[in-house]
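The values are calculated or read from the model by the stated rules, or taken from the named source; none is laboratory data. Keep in mind that this is a model prediction, so the values were computed, not measured. Cβ: placed from backbone, ideal geometry, glycine included. Neighbour counts: every protein chain shown.
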Amino acid sequence: MPVEALEDSHKYKLWKNRLLESGLEIHGIQEMYSRRVGQDGQVLFSLVLTDATTPEGHKIPPICFIKGEVVCVMICLIDEQTGEKHLLLVRQRRICDGSMTYEHPAGMLDSESDAAAVAAREVWEETGIEVAKEDLIQLLDKPSFPSTGTSDEAMYFFYCEIKMSPTKIQSFHNKSQGLISDHEYIETFVVPFVEGHRLITNTNGILLNFLYLKAVGDWELMQKL
């Protein structure tokens, strides 16, 4: 079965070009481990050891986990009768500490360039809610780097507000979702906004909550967090 060479992968090229644009002189990059998927063996992520010098003449810390661009999406379900806001989260165990985590839907762009389209697809796959990419509002004008010291992961943040009846809101609670082929064993979790915020332990999700509340000017709810 043919496999994609790391040097030919979209994620590798994107990362390396960013290093060069920042003025780094690259002496060598060693592939330590890569996970490939699909019939063409496309690189999903890779751990590399980098020998590079900064414009200041210093060696840069060598380890990088190449993951590429990703999306993180807040789905805010609003009770059409009371106006109360609920978060539609996904619940699953994570390798960080093995615990059950509560997160916003998220996923990798891989070789795609339309972040909003990927975000809409991830929402559908992980929650069962169908949203058009035009209904997703991007927060910040460029991606952010959650872990600058060890990874190139660049995250786009989106949100979508959906008004519906209380019964409809609860219909999205405790649904089994995810792709088993990707080792995703996901359950949806609908919860009032403040309670949901307190359940989230990853910094991306916490940041997204605050970015959303600032964007919509919901200072009253922000004060309750």
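In the condition set (1) over 28 Å from A215 (Cβ atoms); (2) out of contact with any strand residue (DSSP E or B) (no Cβ under 9 Å at 6 or more places or on another chain); (3) of a type outside the set (D, E), I63 is compliant with all but (2). For segment 61-109, residues that are closer than 17 Å to F158 by Cβ, among the charged types (D, E, K, R) and under 16 Å from the mean Cα position of the chain (by Cα) total 2. L225 falls short on exactly one of the conditions (1) surrounded by 17 or more Cβ atoms within 10 Å (Cβ to Cβ); (2) touching a helix residue (DSSP H, G or I) at 6+ places or on another chain (Cβ under 6 Å), and that condition is (1). Look at (1) in a strand (DSSP E or B); (2) surrounded by fewer than 19 Cβ atoms within 10 Å (Cβ to Cβ); (3) at pLDDT 95 or above and you find that D141 fails only one, number (3).
Residue count for segment 1-20, restricted to those that are closer than 16 Å to A154 by Cα and not basic (K, R): 6.
Name the single residue that is farthest from I95 (Cα to Cα) among those in segment 193-222 being of a type in the set (V, I, T) and surrounded by 13 or more Cβ atoms within 10 Å (Cβ to Cβ). Among them, the one singled out is V216. Scanning segment 207-218 for residues that are at negative phi and either outside the structural domain of L140 (by TED's automatic domain parsing) or not in a helix (DSSP H, G or I) (or both) yields a single hit, D218.
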